[in-house]
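Engineer: Got a structure for you, questions after.
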């Protein structure tokens, strides 16, 4: 008897509206933005809301809880409980029990797919809260309030959520565009200097791969950025966020089904350096090292001029970052460079062939599928020779 195979195939198209808002004093009674976003389920059933706040934000803004509860008491949306406070920083993503804690509050409060989970904090907390929201009831509406320059310019405006597992960043996660992202620049006013500058390296990164004019603007604004001028910070964050969201919307691969991760320029090394340092290196500091390494590698492969390399190095230093760290030279017991494990982990994250973005010029990212580890060793030695003593004094 002949076996016959039949099939049914249909194309499913899903449309997303990825909305990023820029404002100040979002929880002021006079600011209608959030009120207008939180649509009631029906006229007589106000939307339910669960708010999760980074403890670091709470410490910086002691009146935030009062502001949030007062804001919701003034219009038809109901907080299901007082805001839930969780720690911030990368360590929060290592604790799967915190996801269960958010699930419990979602279940206890009767949060449904017409309700909202609001996360207020840095990129790590937003990753955690976003993952819980994306997986409870197969996805409830999630609104992000990024509270750092890094999350407002980069992590918080994307479509990824996740937590860490097996010693790897974002091993468990989802692609799930938030219902909205609200960048409130008030949250940036009390950031420590180190956290404030972390966002600027992501702006440099996206300028290097997509927009030479933005890179020149970063060069002209570096000192004003590091001085914390609010209007300048808002301008840079908006342009960086715009470039990220445009890539997500127009690349043809918003959920990364392929092998390329162009927005992760410099990140194959950055993610590994974070792990190697047990996250004592901040994400921004690690990205600065990874970008510097891949910029120099691009030059040694004959793709990038020496003048361009120097412009990048000068700008990265002006923004307050080191270009070398001893972790870059660490070997395992067999004498293998630990950092280079990051290449395979980077490939493994998406599968397929290794795809790394390098530079063919400032504003011109190109993809390669092989990295010469001997040449990478040369690059690391050169970075140590030129900048190692400076790294020791920071």
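Engineer: Which members of the stretch 281-308 meet the condition of being more than 15 Å from the chain's Cα centre (by Cα) and either surrounded by fewer than 18 Cβ atoms within 10 Å (Cβ to Cβ) or outside any helix (DSSP H, G or I) (or both)?
Structural biologist: Those that are more than 15 Å from the chain's Cα centre (by Cα) and either surrounded by fewer than 18 Cβ atoms within 10 Å (Cβ to Cβ) or outside any helix (DSSP H, G or I) (or both): 281, 300, 301, 302, 303, 304, 305, 306, 307.
Engineer: Another question, if that's okay. Collect the residues in the stretch 243-259 that are surrounded by fewer than 16 Cβ atoms within 10 Å (Cβ to Cβ) and in contact (Cβ under 8 Å) with a residue 40 or more places away in the chain, keeping them in residue-number order. Lay out the reasoning, then the answer.
Structural biologist: Going through the stretch 243-259, the residues surrounded by fewer than 16 Cβ atoms within 10 Å (Cβ to Cβ) turn out to be 246, 249-253, 255, 257-258.
Scanning the stretch 243-259 gives 249, 255, 258.
Residue-wise test of (1) over 21 Å from residue 148 (Cβ atoms); (2) assigned by TED's automatic domain parsing to the domain that holds residue 103; (3) without any contact (Cβ under 8 Å) to a residue 24 or more places away in the chain; (4) in a loop (DSSP other than H, G, I, E, B).
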site: 6; (1), (2), (3), (4): yes, no, yes, yes
site: 10; (1), (2), (3), (4): yes, no, yes, yes
site: 13; (1), (2), (3), (4): yes, no, yes, yes
site: 25; (1), (2), (3), (4): no, yes, no, yes
site: 29; (1), (2), (3), (4): yes, yes, no, yes
site: 36; (1), (2), (3), (4): yes, yes, yes, no
site: 39; (1), (2), (3), (4): yes, yes, yes, yes
site: 52; (1), (2), (3), (4): no, yes, no, no
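Engineer: Now a separate question. Can you say whether residue 183 is in the same structural domain as residue 59 (by TED's automatic domain parsing), within 16 Å of the chain's Cα centre (by Cα), closer than 25 Å to residue 61 by Cβ and outside any loop (DSSP other than H, G, I, E, B), as far as the supplied structure shows? Break it down into steps so the answer makes sense when it comes.
Structural biologist: Details: in the same structural domain as residue 59 (by TED's automatic domain parsing): yes; within 16 Å of the chain's Cα centre (by Cα): yes; closer than 25 Å to residue 61 by Cβ: yes; outside any loop (DSSP other than H, G, I, E, B): yes.
So residue 183 passes the test.
Engineer: Being at pLDDT below 95 and either surrounded by fewer than 18 Cβ atoms within 10 Å (Cβ to Cβ) or over 26 Å from residue 316 (Cα atoms) (or both) is the filter here; which residues of the stretch 342-365 pass it?
Structural biologist: Matches in the stretch 342-365: 344, 345, 347, 348, 349, 350, 351, 352, 353, 354.
Engineer: Next question, about the same structure. Among (1) farther than 15 Å from residue 321 by Cβ; (2) in contact with a helix residue (DSSP H, G or I) (Cβ under 6 Å, 6 or more places away or on another chain); (3) in contact (Cβ under 8 Å) with a residue 12 or more places away in the chain, there is one condition residue 238 misses while meeting the rest; what is its number?
Structural biologist: The one condition residue 238 does not meet is (2).
Engineer: Could you count how many residues in the stretch 348-376 are over 21 Å from residue 281 (Cα atoms) and touching a strand residue (DSSP E or B) at 6+ places or on another chain (Cβ under 9 Å)?
Structural biologist: Residues in the stretch 348-376 being over 21 Å from residue 281 (Cα atoms) and touching a strand residue (DSSP E or B) at 6+ places or on another chain (Cβ under 9 Å): 17 in total.
Engineer: Which is assigned by TED's automatic domain parsing to the domain that holds residue 165 and either over 30 Å from residue 163 (Cβ atoms) or exposed (fewer than 14 other Cβ atoms within 10 Å of the Cβ) (or both), of 58, 108? So that I can check it myself, show each step before the final result.
Structural biologist: Values: 58 fails: either over 30 Å from residue 163 (Cβ atoms) or exposed (fewer than 14 other Cβ atoms within 10 Å of the Cβ) (or both).
Sole residue among the options that is assigned by TED's automatic domain parsing to the domain that holds residue 165 and either over 30 Å from residue 163 (Cβ atoms) or exposed (fewer than 14 other Cβ atoms within 10 Å of the Cβ) (or both): 108.
Engineer: Let me ask something else about it. Name the residues in the stretch 61-95 that are surrounded by 14 or more Cβ atoms within 10 Å (Cβ to Cβ), within 19 Å of residue 141 (Cβ to Cβ) and at pLDDT 90 or above, would you?
Structural biologist: Within the stretch 61-95, 68, 71, 72, 79, 80, 83, 84 qualify.
Engineer: In the stretch 132-145, which residues are surrounded by fewer than 24 Cβ atoms within 10 Å (Cβ to Cβ) and assigned to a helix (DSSP H, G or I)?
Structural biologist: If the condition is that a residue be surrounded by fewer than 24 Cβ atoms within 10 Å (Cβ to Cβ) and assigned to a helix (DSSP H, G or I), then 134, 135, 136, 137, 138 are the ones that fit.
Engineer: Right, another one. Look through the stretch 210-235, keep the residues that are without any contact (Cβ under 8 Å) to a residue 24 or more places away in the chain and in a helix (DSSP H, G or I), and return whichever of them is nearest to the chain's Cα centre (by Cα).
Structural biologist: Of the residues in the stretch 210-235, the ones without any contact (Cβ under 8 Å) to a residue 24 or more places away in the chain are 216-217, 220-221, 224, 227, 229, 231-232, 235.
Applying the additional criterion that residues be in a helix (DSSP H, G or I) yields 216-217, 220-221, 224, 231-232, 235.
Numbers: 216: 23, 217: 22, 220: 24, 221: 22, 224: 23, 231: 22, 232: 20, 235: 18 Å.
For the stretch 210-235, the residue satisfying everything is 235.
Engineer: Still on this structure, please answer the following. In the set 168, 160, which member is modelled with pLDDT under 95 and either within 17 Å of residue 26 (Cβ to Cβ) or in contact with a strand residue (DSSP E or B) (Cβ under 9 Å, 6 or more places away or on another chain) (or both)? Explain how you work it out, then say what you get.
Structural biologist: Details: 168 fails: either within 17 Å of residue 26 (Cβ to Cβ) or in contact with a strand residue (DSSP E or B) (Cβ under 9 Å, 6 or more places away or on another chain) (or both).
Within the list 168, 160, the selection yields 160.
Engineer: Another question about this same structure. Out of 156, 199, 173, 162, report the one residue that is under 17 Å from the mean Cα position of the chain (by Cα), in a helix (DSSP H, G or I) and outside the structural domain of residue 316 (by TED's automatic domain parsing).
Structural biologist: Values: 199 fails: outside the structural domain of residue 316 (by TED's automatic domain parsing); 173 fails: in a helix (DSSP H, G or I); 162 fails: in a helix (DSSP H, G or I).
When all the criteria are applied, what remains is 156.
Engineer: Can you tell me which residue is farthest from residue 281 (Cα to Cα) among those in the stretch 183-198 that are surrounded by 24 or more Cβ atoms within 10 Å (Cβ to Cβ) and in contact with a strand residue (DSSP E or B) (Cβ under 8 Å, 6 or more places away or on another chain)?
Structural biologist: Keep residues of the stretch 183-198 that are surrounded by 24 or more Cβ atoms within 10 Å (Cβ to Cβ), which gives 183, 187, 198.
If we keep only those that are in contact with a strand residue (DSSP E or B) (Cβ under 8 Å, 6 or more places away or on another chain) too, we end up with 183, 187.
On the way: 183: 25, 187: 23 Å.
My answer is 183.
The values are calculated or read from the model by the stated rules, or taken from the named source; none is laboratory data. Note that the structure is predicted; figures quoted are calculated from it, not measured. A quick note on method: Cβ atoms are made from the backbone with ideal geometry, for glycine too, and the neighbour counts reach across all protein chains shown.
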